[in-house]
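Asker: Below is a structure I'd like to ask you about.
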Amino acid sequence: MGLFDAFSFKGKRAVVVGGATGMGAATAELVLDAGAEVVVLDRAEVTLPGVKAVSLDLSDKASIDAAVEEVGGPIHALFSCAGVADGTPGIERINFIGHRYMIERLLANDALPRGAAIGMISSAAGMGWENSLTELHEYLDITDFDAASAWALEHNRADYMWSKKTINAYVSREAFALLKRGIRINAIMPGPTDTPLAQANKEMWLGFGSDYRDEVGIEASKPIEQAYPLVFLCSDAAAGITGMTIITDAGYFAAGVTGSYGPAQEAIGFLRSI
Ligand SMILES: NC(=O)c1ccc[n+]([C@@H]2O[C@H](COP(=O)([O-])OP(=O)(O)OC[C@H]3O[C@@H](n4cnc5c(N)ncnc54)[C@H](O)[C@@H]3O)[C@@H](O)[C@H]2O)c1
């Protein structure tokens with residue numbers, strides 16, 4: 001055993017929710033390479049060799065129940081990656097309520113042992129969530145799957161930005177109770193990342209911050225560049241980190257907050273204010 005083994009997943013079992021494509025697929029590939037036994041849950045076909053695939057539709061409670069039973073335990077790292085864009089029916093369930101329901105079912109089954117970690121994918125679009133904390137608490141207090149979905153639809157909150165703000169608030173408010181069980185929870189907030197989802201919404205998703213990227217001479221993130229910090233957060237090397245939503249946007253946020261890249265100021269100021 002060396003000190004660097006804390007980054008390894010040897011002897012661990014990892015579950016990737018939404019691991020068929022994009023960042024989830026990169027996460028599955030990385031954590032497999034890091035030594036884990038990997039189970040990938042998705043509604044789409046899983047093509048990565050060497051992993052177990054389980055069919056899952058996050059918008060459907062019964063499908064989550066069935067997947068939880070099939071996956072079993074123990075799960076040392078749970079990566080909650082699946083997400084869809086605005087315009088997808090059930091977005092409030094797929095992007096948040098389904099992930100939360102799965103976590104709760106796994107906790108009820110004692111499938112997440114002490115030392116386990118949960119890593120979620122939020123979005124830079126979810127920054128500024130602290131401004132809405134009162135309303136987010138109201139939403140998060142509705143723990144029932146169908147009632148939470150109904151609340152989001154009734155309150156005009158079944159949208160992408162709200163789903164990501166909700167993840168950020170959830171990670172922050174659940175960290176304390178989870179740590180009492182020895183479990184950590186964190187999230188990354190990626191900036192534009194070249195995945196099938198971003199390509200399907202190219203102008204808005206990959207256009208965002210392209211002036212900044214041109215200026216510093218970088219491309220949109222590759223999925224693996226988001227998987228690296230997500231896998232780190234669920235490794236033992238991140239034992240001191242929980243309840244955090246980490247902005248992984250190649251510096252756009254920092255440049256916007258400080259004004260070191262002036263044109264980012266307006267976009268970041270807007271996202272932080274709503
Ligand atoms: N690509 C970006 O620029 C970007 C930026 C910030 C955040 N994100 C977030 O990153 C996460 C991963 O997205 P991605 O860009 O890799 O896209 P992607 O479409 O490649 O990956 C999403 C995965 O979720 C799965 N999925 C979708 N609906 C599902 C459902 N109902 N049940 C089960 N699985 C389902 C898809 O089949 C796919 O495998 C999402 O939460 C997204 O909101 C993406």
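The values are calculated or read from the model by the stated rules, or taken from the named source; none is laboratory data. This one's a predicted model, so the numbers in the text were calculated from it and none came from an experiment. When we count neighbours, we look across all protein chains shown, and the Cβ atoms used for this are built from the backbone with ideal geometry, even at glycine.
Asker: Condition first: of a type in the set (F, W, Y) and either closer than 14 Å to A227 by Cα or touching a helix residue (DSSP H, G or I) at 6+ places or on another chain (Cβ under 8 Å) (or both). Now tell me which residues in the stretch 1-27 satisfy that.
Answerer: Scanning the stretch 1-27 gives F7, F9.
Asker: Consider the stretch 103-129. How many of its residues are near the ligand (Cβ under 10 Å from one of its atoms), closer than 26 Å to S8 by Cα and either free of Cβ contacts under 8 Å to residues at least 60 places away in the same chain or over 12 Å from the mean Cα position of the chain (by Cα) (or both)?
Answerer: Of the residues in that region, 0 qualify.
Asker: Then there is this: When R213 is evaluated against the numbered criteria (1) basic (K, R); (2) in contact (Cβ under 8 Å) with a residue 60 or more places away in the chain; (3) surrounded by fewer than 23 Cβ atoms within 10 Å (Cβ to Cβ), which criterion, by number, is the only one it fails?
Answerer: Only one criterion in (1) basic (K, R); (2) in contact (Cβ under 8 Å) with a residue 60 or more places away in the chain; (3) surrounded by fewer than 23 Cβ atoms within 10 Å (Cβ to Cβ) is unmet by R213, namely (2).
Asker: Looking only at the stretch 69-98, count how many residues are within 13 Å of the ligand (Cβ to nearest atom) and of a type in the set (A, V, I, L, M).
Answerer: Counting residues in the stretch 69-98 that are within 13 Å of the ligand (Cβ to nearest atom) and of a type in the set (A, V, I, L, M) gives 6.
Asker: If a residue counts only when it is within 22 Å of G18 (Cα to Cα) and away from the ligand (no atom under 13 Å from the Cβ), which helices (runs of 4 or more DSSP H) contained entirely in the stretch 134-252 have at least 1 such residues?
Answerer: Fully inside the stretch 134-252 and qualifying: 145-154, 160-180, 223-233.
Asker: Quick one: which of L136, L178 is among the hydrophobic types (A, V, I, L, M, F, W, C), surrounded by 15 or more Cβ atoms within 10 Å (Cβ to Cβ), more than 20 Å from P89 (Cα to Cα) and in contact with a Phe, Trp or Tyr (Cβ under 7 Å, 6 or more places away or on another chain)? Even if it seems obvious, please write down each step before you answer.
Answerer: Working: L178 fails: in contact with a Phe, Trp or Tyr (Cβ under 7 Å, 6 or more places away or on another chain).
Of L136, L178, the one residue that is among the hydrophobic types (A, V, I, L, M, F, W, C), surrounded by 15 or more Cβ atoms within 10 Å (Cβ to Cβ), more than 20 Å from P89 (Cα to Cα) and in contact with a Phe, Trp or Tyr (Cβ under 7 Å, 6 or more places away or on another chain) is L136.
Asker: Hey, can you tell me all the residues within the stretch 35-47 that are within 13 Å of the ligand (Cβ to nearest atom) and either under 16 Å from S80 (Cα atoms) or buried (at least 18 other Cβ atoms within 10 Å of the Cβ) (or both)?
Answerer: Scanning the stretch 35-47 gives V40, L41, D42, R43, A44, V46.
Asker: Tell me yes or no: at least one residue of the stretch 264-272 is free of Cβ contacts under 8 Å to residues at least 60 places away in the same chain and either over 29 Å from L133 (Cα atoms) or of a type in the set (S, T, N, Q) (or both).
Answerer: Yes, the stretch 264-272 contains a residue that is free of Cβ contacts under 8 Å to residues at least 60 places away in the same chain and either over 29 Å from L133 (Cα atoms) or of a type in the set (S, T, N, Q) (or both).
Asker: Condition first: surrounded by fewer than 21 Cβ atoms within 10 Å (Cβ to Cβ) and not in a loop (DSSP other than H, G, I, E, B). Now tell me which residues in the stretch 253-264 satisfy that.
Answerer: Matches in the stretch 253-264: A254, V257, T258, G262, P263.
Asker: Considering only the stretch 25-33, I want to know if a residue exists there that is near the ligand (Cβ under 7 Å from one of its atoms) and either of a type in the set (D, E) or modelled with pLDDT of 95 or more (or both).
Answerer: Going residue by residue through the stretch 25-33, those that are near the ligand (Cβ under 7 Å from one of its atoms) are 25.
Among the residues that remain, those that are also either of a type in the set (D, E) or modelled with pLDDT of 95 or more (or both) are: 25.
Yes; the residues of the stretch 25-33 include at least one that is near the ligand (Cβ under 7 Å from one of its atoms) and either of a type in the set (D, E) or modelled with pLDDT of 95 or more (or both).
Asker: A further question follows. List the residue pairs whose Cβ atoms are under 6 Å apart, where the first residue sits in the stretch 74-95 and is over 26 Å from F7 (Cβ atoms), the second is in a loop (DSSP other than H, G, I, E, B) and not polar (S, T, N, Q), and the two are 6 or more positions apart or on different chains.
Answerer: Note: pairs meeting the criteria are D86/D159; I91/V84; I91/A158; E92/A158; I94/L58; I94/V84; N95/G83.
Asker: Restricting attention to the stretch 84-112, report how many residues are out of contact with any Gly (no Cβ under 8 Å at 6 or more places or on another chain) and part of a helix (DSSP H, G or I).
Answerer: 15
Asker: Taking A25 as the residue in question, decide whether it is hydrophobic (A, V, I, L, M, F, W, C), buried (at least 22 other Cβ atoms within 10 Å of the Cβ), touching a residue at least 40 places away in the same chain (Cβ under 8 Å) and more than 20 Å from E174 (Cβ to Cβ).
Answerer: yes
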